[in-house]
1. Please give the contour-minus-distance gain from L78 to T490: 0.36 nm per residue of separation, less the Cα-Cα distance, rounded to one decimal in nm.
2. Label the range 275-427 by shape, choosing from rounded, prolate and oblate, from the square roots a ≥ b ≥ c of the eigenvalues of the Cα gyration tensor; if a/c is under 1.5 it is rounded, and otherwise prolate applies when a/b is larger than b/c, oblate when it is not.
3. Fewest first, what order do M53, M525 take by the number of other Cβ atoms within 10 Å?
4. Let a ≥ b ≥ c be the square roots of the eigenvalues of the Cα gyration tensor of the range 160-276; is it rounded (a/c under 1.5), or, if not, prolate (a/b larger than b/c) or oblate?
5. Using the Kirkwood formula on the Cα atoms of the range 2-127, what hydrodynamic radius do you get, in angstrom to one decimal?
6. Mind listing the phi-derived Karplus ³J(HN,Hα) values for the range 506-518, rounded to whole Hz, using 6.51, -1.76 and 1.60 with θ = phi - 60°, and x for any glycine or proline?
7. List the residues of the range 390-420 whose backbone N lies under 19 Å from a point placed 7 Å from the Cα of D629 along the Cα-to-Cβ direction.
8. Within 10 Å of each residue's Cβ, count the other Cβ atoms and sort H375, H382 from fewest upward.
Amino acid sequence: MRKHRIRWQLMMYDALIFLFCALILLVVYPSNFDKLTPELILLNTAVGFICLMIFRLVLKIYEKIWRYAGPASYMALLISDFFACGSFLILRELFPFRTTLVRVTSMFALNLLLCIAARLFYQWIYQQRGSSRKIVQFFSSILKLITGVSFTAEEEKKDHRIKIAIIGAGSIGAMLAEELLQNPKATYEPVCFVDSDREKSGRELYGIPVLSSGDDLRSRFSGLKVQEVVFALPNVDNNRREELYKIYKSYGYKLKSYDYPTLNADESGRRHIHDFNIEDLLFRSSSHILDENTMNWYRGKNVLITGGGGSIGSELARQIAKCEPARLVILDVYENGAYDIQQELKSRYGVNLNLRVEIASVCDKEKIEKIFHDHTPDIVLHAAAHKHVPLMERNVCEAVSNNVFGTLNVVEACEKFHVKRFIMVSTDKAVNPTNVMGATKRMCEMIVQSRKGTVTSFSATRFGNVLGSNGSVIPLFKRQIANGGPVTITDQRIVRYFMTIPEASQLVMTSGAMAKNGELYVLDMGKPVKIVDLAENMIRLSGFEPGKDIKIIETGLRPGEKLYEELLIKSEELDKTSNNKIFVERDQPLSTEEIDGKLEILRAALATQSNRKVKEALMQVVPTYHNPDEVNSKAIEAEEMRIAAGA
């Protein structure tokens, strides 16, 4: 009812405007060409108004919310009035209205002008509350001089909105300002824009001044009482974004962002003002890799995920569930993680997802084969592995048993039960490994690459550190900062590649869909990041000063730890794929016989249950396995170290 009442009110206002225009042009306006009688004046007014309403109703002018109207709404109003005027002129020729062309077009033009002006004034009143308050404050100050009573003091007390400077006066910045101005309950009030475009400098956008990035911003911000700075720069180069972050952080303002929908928006893609988080501080663009063709490839298939309760495995489960598989099987030895993702998916999809959970170790060959027999998977995503470098240095037998022979069990089960596709999750630590974990993953890659000529298509996907994964450095830093420090890093020089959990899972899925047999896929992860820079930024993000409020201390490299990680064994041997973020490394695979020989060496060493002998055997079967001291001594020559230092 209220909606219809508003429509009739607007039509009534427009009717009054048209009557005013008719009065001016048909009664007051002098003319020597046509002398209109009262009857003709009423007839012209009635027919003109009917023409106007017909076309405005046809183009749904009164169904628009003029409070938020944009160019499209005003164009619709202009077009409707143009056709209304044209139709009236045609009727004028058919009936003796005795009105001149100038009088008719002037009446419709004046009416259109006043209707547009009324709507714009309504928008201005609604949107420019900041300007309106200034007008009220101006008159209130005059009244205060006369009466001695302040009429705005109480109103000012109620206005607790945070004053912000918006960095970027482009479409996204304008969108943010408009949204805040239109929302009376908004937490933030934009008081200025900052933009490097000189053509925008000194001008206004929604009544808000646009400052030049070359101005003395510190003093200008102080004069405008800026409290926080919001970045609205979705298309700015990452290097420039990092530079701006450091500049405004040095001013002492709290920084927020409105320009990372791919990383931080909800599933609708809606943008939000949010604190800079750790993904933002990497200053790299998130890669959305999954497309409709890849999702269709998984649709209707039986998919089994080993390690499905872990960080990567659970995200794979989420992504696969979106693809509407015939059945999704989560396999994990750790029941808590498997239970958590099971409950999450049940809550989200209910009976629409055929979900099964199996608790088993990949080391249990008989149990693995039974699970494969029962569920007949079409696709296996192998994410089960021990991954913590220091722990595996002390538990070499378990690392080889779980990572190498657990992977072998899954590979052989795939072949035995005619699985169509096997995709293994690997790591950059497998490239020229200096630790047990990396060496076991390299051995797994060699196993996968050697399995050619079977009914199953095998591939492996390699990526770097995953933000927020269990045991990663980010949650550790967060806990240390929350506890008041110190933040511990093993070495000031250490650098790493990073990516988000969704990126990692989508890479695995996409590479699996495009695999033929034996490929080793690598993601373009941008440039490596210095861990000490990451720690300093996280401390600042939490409102502290590194070295002053929270100290950063070195603890020394852990056993097997390398100063840098590599994504490729031989960077010159790299093939492009249809996805510009994914590459294939052309590594010469070993024969099945050679792999069997290496596995026998490892089995013999495992039989001794000696960590030392198993590690020696691992160094024997993985020829790229190097002593970490030897690699770290030459780290300064590595390209990854040079890139990170230049950043």
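Every number in this text was worked out from the coordinates using simple rules, so none of it is lab data. Everything quoted here is computed from the prediction, not taken from an experiment. Using ideal geometry, Cβ is built from the backbone for each residue, glycine included, and neighbour counts are taken over all protein chains shown.
1. Result for the pair: 141.6 nm of gain on full extension.
2. The shape class here is oblate.
3. Going from least to most buried by this count: M53, M525.
4. In terms of gyration-tensor shape, rounded.
5. When all Cα pairs of the range 2-127 are included, the Kirkwood radius is 15.2 Å.
6. Listing the rounded values in order: 5, 4, 4, 5, 5, 5, x, 5, 9, 5, 10, 5, x Hz.
7. Backbone N within reach: 390, 393-394.
8. Lowest to highest Cβ neighbour count: H375, H382.
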